[in-house]
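Single-structure report; data block below.
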Amino acid sequence: MNQIQSPMLSTVEIDLIAQRVADAHTKHQVMALLTDEFPTMTVADGYLVQKELRRLWQARGNRLVGWKIGLTSKAKMLQMKVFEPAIGFLTHDMSHPENSTIEIAQLIHPRVECEVAFVTNKILQGPACTKEEVLAATDFVLPAIEIIDSRFAAYQFDLPSVIADNSSSACFVAGGRARYAHDLDLRTLGVVMEINGEIVATGAAAAVLDHPAEAIARLVNILHAQGEQLAAGSFVMSGGITEAIAVKAGDHVVARFQELGSVAVRFV
Ligand code: OOG
Ligand code: MG
């Protein structure tokens with residue numbers, strides 16, 4: 001599996017790519033696919049770049065608040081033509097309050113996703129973390145909208161490139177009604193996504209690797225492959241349930257979740 005491929009790039013190349021990705025983020029500019037210039041780049045290299053990016057951002061004061069896993073539903077995999085999940089880190093500045101406005105000018109070609117988020121209260125560790133362990137370490141779940149924004153032209157990428165780009169992370173909005181996971185059937189939990197009052201996507205959380213807690217377990221196991229664990233008190237997003245929908249200035253997005261209430265955000 002890709003996850004255990006060895007790194008192929010030198011430290012100098014990893015640092016150079018991390019700087020390039022950081023610049024693309026700051027300037028809201030697209031970059032060429034990394035695997036075009038570095039054809040031997042592997043998934044392991046992608047995660048080394050992501051780790052260096054995290055170090056750069058933490059050094060400038062961005063606090064790590066959690067993680068996300070993406071490409072966990074068939075709808076997302078088919079949309080992006082990438083058939084393996086990827087994880088990314090989340091920092092405090094990516095978090096926006098419910099009903100806030102997000103400036104399109106700060107992004108390149110944003111898309112929105114509806115996700116079930118988990119907040120953990122114990123350390124979780126791979127290599128064989130299970131969904132039962134995730135549920136036992138879950139404080140509560142809550143609904144979230146993730147705003148993703150690939151730094152690659154035409155929103156097209158392969159797995160090593162998207163991982164280096166922190167799995168397209170840009171912003172997230174959590175809210176609605178927090179609930180204990182054991183009070184809900186997280187597989188049959190339905191979601192309706194609306195933009196400007198029109199339904200644009202619908203789904204059930206089982207679309208995410210059969211159970212969103214399974215996606216969190218997968219995230220923990222990918223972290224383990226990078227020599228890391230999931231800290232207690234992490235905010236973790238389990239992946240878009242439906243395909244992601246492009247947004248533009250003026251759009252008002254509402255994600256209505258069964259049992260978890262709704263989350264909304266506006267783009268200007
Ligand atoms: C990669 C990130 C995918 C999800 O929830 O599936 C993701 C992308 O599609 O840009 O966050
Ligand atoms: Mg996502």
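Numbers below:
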item	result
Filter result for the condition that a residue is of a type in the set (Phe, Trp, Tyr) and within 13 Å of ligand 2 (Cβ to nearest atom), over PHE152, PHE157, PHE172	PHE172
Which numbered condition GLU133 misses (of (1) more than 13 Å from ligand 2 (Cβ to nearest atom); (2) under 14 Å from the mean Cα position of the chain (by Cα); (3) open to solvent by 10 Å² or more (accessible area, probe 1.4 Å))	(2)
Within region 83-115, tally of residues that are within 8 Å of ligand 1 (Cβ to nearest atom) and either modelled with pLDDT under 95 or small (Gly, Ala, Ser) (or both)	2
Region 9-31: number of residues that are assigned to a helix (DSSP H, G or I) and not β-branched (Val, Ile, Thr)	11
Test: residue in region 147-158 that is in a helix (DSSP H, G or I), in contact with a helix residue (DSSP H, G or I) (Cβ under 8 Å, 6 or more places away or on another chain) and either of a type in the set (A, V, I, L, M) or surrounded by 21 or more Cβ atoms within 10 Å (Cβ to Cβ) (or both)	no
Hits in region 71-112 - residues which are of a type outside the set (A, V, I, L, M), open to solvent by 10 Å² or more (accessible area, probe 1.4 Å), within 19 Å of PRO212 (Cβ to Cβ) and not in a helix (DSSP H, G or I)	PHE83, GLU84
Among the candidates ALA225, ALA206, ALA217, ALA213, residue that is touching a Lys or Arg at 6+ places or on another chain (Cβ under 7 Å), closer than 14 Å to ILE87 by Cβ and away from ligand 1 (no atom under 14 Å from the Cβ)	ALA217
Exclusive hit being under 18 Å from the mean Cα position of the chain (by Cα) and more than 22 Å from LEU56 (Cβ to Cβ), set ALA164, ALA246	ALA246
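The values are calculated or read from the model by the stated rules, or taken from the named source; none is laboratory data. All values derive from a computational prediction rather than experimental measurement. Methodologically, a virtual Cβ is constructed for each residue, glycine included, from the backbone with ideal geometry; neighbour enumeration extends over all protein chains shown. Note: areas computed on protein heavy atoms with side chains; ligands, DNA, RNA excluded. Shrake-Rupley method; radii C 1.70, N 1.55, O 1.52, S 1.80 Å.
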